[in-house]
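Below you'll find the structure, written out as structure tokens, and then a few comments.
The values are calculated or read from the model by the stated rules, or taken from the named source; none is laboratory data. Everything numeric here is computed off the predicted structure, so don't read it as measured data. Here the Cβ positions follow ideal geometry from the backbone for every residue, glycine too, while neighbour counts run over all protein chains shown.
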Amino acid sequence: MSDHELLIKIAKRDTDAFRDLYRRYSKIVYALVSKIIEDEVLADTIFEEIFVIIWNKANRYDINSQNAYCWIITLARNKAVDAKRRKWNPALLEEYSDDYENYIIIPHLSKQIDPLDLETALNISKNIENAVMRLTEAQQHVIYLGLYFGFTQSEISKNLNIPVQTVNSKIRLALGSLRDNLLHGEA
């Protein structure tokens, strides 16, 4: 059964589908959460909360997207980054509520991205890793700050002490180089 079909069944409270999705995704979600949150106890808690969110909010998955993998991984990333930011400075973020979770944590995927499944993602992960390693150190750093720290462009600007326009340019160049590395087999 596909990830997409599992999420549809989970939205209907199918515990077998949830068990299957958990078995399929637990290792990759835990690895992502652990990379973002370096505190093992907090990472364990957030990992559990992610699957509670999937169980409770699978009905918010856009079934027309056919992109369950991206929805699950983005949800996990959003939750981990939010937890990390709350640990750093909880006063800067608004109160965690159902509305906050629906707007900030639950992914709202673009209709323009191609569907991706777990098997394909795992098959291309080495190529992506190699493509990232071919970026300059500065390009890797801005992507890392955005992806794993959840920094906005203005936060990256402050962190690196460079103008926001420069950050925007660095990110655009990094993503263009990453795309070129992947498309032209230079990874």
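Are any of the residues in segment 14-21 among the hydroxyl-bearing types (S, T, Y) and over 16 Å from the mean Cα position of the chain (by Cα)? Yes, because at least one residue in segment 14-21 is among the hydroxyl-bearing types (S, T, Y) and over 16 Å from the mean Cα position of the chain (by Cα).
In segment 33-69, the qualifying residues are those that are more than 15 Å from L109 (Cβ to Cβ) and in contact (Cβ under 8 Å) with a residue 60 or more places away in the chain, and the one that is surrounded by the fewest Cβ atoms within 10 Å (Cβ to Cβ) is K35.
For segment 143-162, a residue qualifies if it is within 20 Å of E38 (Cβ to Cβ) and not in a loop (DSSP other than H, G, I, E, B), and the qualifying residues are I143, Y144, L145, G146, L147, E155, I156, N159. Looking across R77, R23, one residue alone is of a type in the set (K, R), in the same structural domain as N102 (by TED's automatic domain parsing) and touching a Gly at 6+ places or on another chain (Cβ under 9 Å). It is R77. All of A83, A91 fail the test of being over 30 Å from D180 (Cβ atoms), loosely packed, with under 14 Cβ neighbours inside 10 Å and among the hydrophobic types (A, V, I, L, M, F, W, C), apart from A91. Looking across segment 110-130, the residues that are surrounded by 11 or more Cβ atoms within 10 Å (Cβ to Cβ) and hydrophobic (A, V, I, L, M, F, W, C) come down to L116, L118, A121, L122, I124, I128.
You will find that of I46, I37, the residue that is out of contact with any Gly (no Cβ under 9 Å at 6 or more places or on another chain), at pLDDT below 95 and either assigned by TED's automatic domain parsing to the domain that holds Y103 or at positive phi (or both) is I37 and no other. Residues of segment 97-133 that are polar (S, T, N, Q) and either closer than 17 Å to F149 by Cα or part of a helix (DSSP H, G or I) (or both): N102, T120, N123, S125, N127, N130. Can you tell me which condition N181 does not meet? The list is (1) modelled with pLDDT under 90; (2) more than 30 Å from A43 (Cα to Cα); (3) surrounded by fewer than 16 Cβ atoms within 10 Å (Cβ to Cβ), and all the others hold. Failing condition for N181: (3).
Whenever a residue of segment 94-118 is closer than 19 Å to L32 by Cα and in contact (Cβ under 8 Å) with a residue 12 or more places away in the chain, it has no partner that is of a type outside the set (K, R) and exposed (fewer than 10 other Cβ atoms within 10 Å of the Cβ) lying with C-beta atoms less than 8 angstrom away and at least six residues away or across chains.
Evaluation of Q140 against the conditions (1) in a helix (DSSP H, G or I); (2) more than 17 Å from the chain's Cα centre (by Cα) shows that the sole unmet condition is (2).
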